[in-house]
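Following: one structure in structure tokens, then a few remarks.
The values are calculated or read from the model by the stated rules, or taken from the named source; none is laboratory data. Quick caveat, the model's predicted, so the values are computed rather than measured. Ideal geometry is used to build each Cβ from the backbone, glycine not excepted, and the neighbour counts take in all protein chains shown. Note: accessible area is taken over every heavy atom of the protein model, side chains too, but ligands, DNA and RNA are not part of it. Shrake-Rupley method; radii C 1.70, N 1.55, O 1.52, S 1.80 Å.
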Amino acid sequence: MAKDDTDRIEREIEIARARLATTLDELAVRADPQRIADDTKAIVVAKFNEPKVKYTLIGAGALVAGLVLVKLFRR
């Protein structure tokens, strides 16, 4: 094996190591439990802030509150 081949192989190995390190760093960031929780919370909050969902939940809450009040005052 020539010196040039050895140098080329060593460079390719270093490039592969750098790519692997970058990939592992990206996976570590993506798999961070706090980040996953924050992302999930943001998605849920955004969904609840949609008018269709928000007003449906308000209506359901008002209905439940009304039924509880009727039940309490019928005694």
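Helices of the chain meeting both criteria, an alpha-carbon length of 18 angstrom or more along the long axis and an average Kyte-Doolittle score not below 0.0, with helices taken as full DSSP H segments, are 33-48, 51-73.
When the helices of the chain are scored as -39500 (n - 2.57) per DSSP H run of n ≥ 4 and the total is divided over every residue, the value at 222 nm lands at -31000 deg cm²/dmol. For segment 18-70, the fraction of 1.4 Å probe accessible surface lying on carbon and sulfur atoms is 71 percent. Taking a Cβ cut-off of under 13 Å around residue 26, the surrounding Lys, Arg, Asp and Glu residues balance to a net charge of +1, with basic ones at +1 and acidic ones at -1. Evaluating kT/(6 pi eta Rh) at 4 °C and 1.567 mPa s, with the Kirkwood radius of the chain over Cα pairs in the Stokes-Einstein relation, gives 72 µm² s⁻¹.
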